[in-house]
Amino acid sequence: MFKRIGVIGSGAMGRGIAQLFATAGVEVLLHDSRSEAIDQALAYNRDTLERAAAKGKLSPEQLDATLARMRPAETLAALADCDLLIEAIVENLEAKQALFRALEELVAVDAVLATNTSSLSVTRIASGCRHPERVAGFHFFNPVPLMKIVEVVRGERTAPAVIQRLAALAEQAGHFPATTPDTPGFLVNHAGRAYGTEALRILAEGVASPVQIDRILRDSLGFRMGPFELLDLIGLDVTQAVMESVYQQFYQDPRYTPSYLVAPRLAAGLLGRKSGEGFYRYVDGQAQHEAEPAPAPVAIERPFWLDSRDSAVREQVAAVLAAAGAVLEEGSPPSAQAICLVTPLGEDASSCIARQQLPVARSLALETLAGFAKRRVLMRQPGLDAQVLAQARQALGADGVPVEVINDSPGFVAQRVLAGIVNLGCEIAQRRIASPAVLDRAVQLALGYPHGPLGFGELFGAVRVEQILHELHEQYQEPRYRVSPWLRRRVQLGLPLTTPED
Ligand code: NAI
């Protein structure tokens, strides 16, 4: 185990890393090229720990011992005795390489050098060292003590023992070590690409507004934050850098294509919370949410017809229509007055209506895969009669559940985003960037998703997810929506998505 850790760079990440390991019982020396940054970091950590002690989360003795384990190192030379050096300096390849070269002159030959880089190649950082086998990535998340995960990144030349020691240290500190090879975005920032980019794509196609997309994904898939709230929280500039970097490093694979909507927003300073306005406006740090539209009530004069033969779906829809005093027709074809509800999986409303030869003015789509309890989603198409839409909207919300009306799109909103997350997770598993279990746990811990990508796939059904992707691929004719071989094979063989390759 490591005896003394040197942390270089005492900003947001460095101070968090120092606090984590000091709390776990390891001696930590904190360095920064600006000595005031060291003092500020130590004062910040003291304040945080004192508040934790005041709440009874740590005894007075533990507080004193933890504070005593964190000390300043005014010079780099003061780190000579450390057996683990973790850098959290500026995100710049040359600066990190220069630091590691300087450290190699100072520390013992078996000391480990770890980098907290979030976007640079660990192998490239190590390539400037005489002993690249002792260099690894140790990628924490902000705020470090609370985000109970760290990516332990294996550079091309990193010795297996170094990875094992870092993983053991992480566990000692109560963090989950997600071991992963040195690939673009590592594990978490790679897996996280599907959520925001697909949401931006849906926005760009005019399917729904940011606030609608956020509401749908929170209520239908259980995300704590919608993608646009998340973009605002992290800062559009920060996310755009990750989106661009992952896209370029994968040689412009269309799966990762960033959105053309972002550059003008950056130029306009719409960065999110930190600039006061992004997809939302912020007053005193609070997002200003407009109230959901409440359309004027209309008389429901028409019966409804539903294309689904699934008895659970029919029961749900019949129950809410009954609450509205409306009738659900049995049998086929629909009567000449009926409002026809179609329930596509992956198809857009237009295709689904045309395929079933339903009356264009009286037909629209209802989302039944992702969420019916907290929010309902109706999808219109260009030929829909406005009165039909008004009646459908009122009837489907008769029990008080909000109804979202969106424009035509293959896979509505939730199906599209769900399929993107699952497919990318499958691709990550296929490329051996993480095992199924590590992937799902890492995504839940680092990104706060209610399920990991493979867990999401199992919950909604891998067969359905594959169908959604198949339809998206058909409609757009873009390799962006190609099905991962991992997903296809497990569907073909009837195996869970979590089944390992060998
Ligand atoms: P920060 O700007 O808060 O802190 C960086 C500190 O490093 C500053 O105090 C600066 O004076 C010091 N520094 C710069 N060059 C130095 C050098 N050559 N020698 C010694 N000290 C030097 O930055 P932050 O956010 O703490 O990020 C640090 C690293 O962690 C970056 O590589 C970043 O990409 C990575 N990271 C950041 C995350 C975040 O959410 N902020 C998450 C995960 C990784």
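Any read-out appearing in this document is the output of simple, stated calculations on the displayed coordinates, not a laboratory observation. Small disclaimer: the values here were computed from a predicted structure and weren't measured. Note: ideal-geometry Cβ built from the backbone for every residue, glycine included; neighbour counts use all protein chains shown.
With a cut-off of at most 16 other beta carbons within 10 Å, and DSSP calling the residue loop, which GluC sites (Glu not before Pro) in segment 58-114 qualify? Please list them. List each step's numbers first, then the result.
Values: sites: E61, E74, E87, E91, E94, E104, E105; in loops: E74, E91.
When the GluC sites (Glu not before Pro) of segment 58-114 are filtered for loop state and at most 16 Cβ neighbours within 10 Å, E74, E91 remain.
If every alpha-carbon in segment 388-502 counts as one equal scatterer, what log10 I(q)/I(0) does Debye give at q = 0.09, 0.16, 0.18 1/Å?
Those come out to -0.30, -0.77, -0.89, one per q.
Counting other beta carbons within 10 Å of each residue's own, what order do H175, H470 fall into, fewest first?
Working: H175 23, H470 17.
With the sparsest Cβ surroundings first, the list reads H470, H175.
Would you mind calculating the gained length between K148 and T75 on full extension (0.36 nm times residue separation, minus the Cα-Cα distance), in nm to one decimal?
Contour length minus the Cα-Cα distance gives 23.2 nm.
Taking the highest mean first, how do the peptides 253-265, 371-383 order by number of other beta carbon atoms within 10 angstrom per residue?
Working: 253-265: 16.2, 371-383: 18.8.
Ranking the peptides 253-265, 371-383 by packing returns 371-383, 253-265.
Would you calculate the separation in nanometres between label points at Q430 and K55, each defined as 7 Å from the Cα along the Cα-to-beta-carbon direction?
4.3 nm
Among 329-336, 439-446, what's the highest-first ranking by average C-beta atoms within 10 angstrom per residue?
Details: 329-336: 11.8, 439-446: 22.4.
Taking the mean over residues of other Cβ atoms within 10 Å, the ranking is 439-446, 329-336.
Under 10 °C and 1.306 mPa s, how fast does the chain diffuse according to Stokes-Einstein, given a Kirkwood radius computed over C-alpha pairs? Answer in µm²/s, whole number. Working shown, then result.
Details: Rh = 25.1 Å.
The estimated diffusion coefficient comes to 63 µm²/s.
Quick one: length gained pulling E205 to E244 fully straight, 0.36 nm per residue minus the C-alpha distance? Spell out each step's value before the answer.
Working: separation 39, 0.36 × 39 = 14.04 nm, distance 2.02 nm.
Here the answer is 12.0 nm.
Excluding residues on the same chain fewer than 8 positions from K374, give the aspartates and glutamates whose Cα lies under 15 Å from its Cα.
The reachable aspartates and glutamates, counting only those whose Cα sits under 15 Å from K374, are D214, D219, E292, D399, E404.
How much length is gained on full extension from A299 to R124, taking 0.36 nm per residue of separation minus their Cα-Cα distance?
Values: separation 175, 0.36 × 175 = 63.00 nm, distance 6.70 nm.
Result: 56.3 nm gained on full extension.
Over the chain, calculate the relative contact order: mean separation of alpha carbon pairs under 8 Å at least 6 apart, over the residue count, as a percent.
Details: 912 pairs, mean separation 56.2, N = 502.
That works out to 11 percent.
Name the aspartates and glutamates eligible as straight-distance cross-link partners of K57: C-alpha to C-alpha under 19 Å, and not fewer than 8 places from it in the same chain.
Within the straight-line limit of under 19 Å, K57 reaches these aspartates and glutamates: D47.
May I ask you to derive the FRET efficiency for R101 and Y44 from their Cβ-Cβ distance with R0 = 25 Å, giving the value to the nearest 0.05? Before the final figure, lay out each step's value.
Working: r = 30 Å, r/R0 = 1.18.
The formula returns an efficiency of 0.25 here.
Karplus couplings for segment 313-319 from phi (6.51 cos²θ - 1.76 cosθ + 1.60, θ = phi - 60°), rounded to Hz, Gly and Pro as x?
5, 4, 4, 4, 5, 4, 5
What does the highest-first list of 340-353, 26-39 look like by mean Cβ count within 10 Å? Write down the numbers at each step before the final one.
Numbers: 340-353: 23.1, 26-39: 18.8.
Answer by packing, highest mean first, reads 340-353, 26-39.
Tell me, what ³J(HN,Hα) does each residue in segment 258-271 have, in order and in whole Hz, if you take phi through Karplus 6.51 cos²θ - 1.76 cosθ + 1.60 with θ = phi - 60° and put x for Gly and Pro?
Per-residue couplings from phi come out as x, 9, 5, 6, 7, 4, x, 5, 5, 4, 7, x, 8, 7 Hz.
If R₀ is 30 angstrom, what is the calculated FRET efficiency for the pair E458 and D399, using the beta carbon separation as r and rounding to 0.05?
Details: r = 29 Å, r/R0 = 0.97.
FRET efficiency, E458 to D399: 0.55.
Counting pairs of alpha carbon atoms under 8 Å apart in space and at least six apart in sequence, what relative contact order in percent does segment 303-398 give? Mind showing how you got there, number by number?
On the way: 131 pairs, mean separation 28.5, N = 96.
Relative contact order, segment 303-398: 30 percent.
In debye, nearest 20, what is the charge dipole magnitude of the chain about its Cα centre with +1 on Lys and Arg Cβ and -1 on Asp and Glu Cβ, if you could check? Write down the numbers at each step before the final one.
Numbers: 49 positive and 57 negative charges, 76 e Å.
About 360 debye.
Which net charge results when you count Lys and Arg as +1 and Asp and Glu as -1 among the other residues whose beta-carbon is under 13 Å from that of T117?
Numbers: positive: K96, R124; negative: E87, E91, E94, E151, D182.
Around T117, the charge tally is -3.
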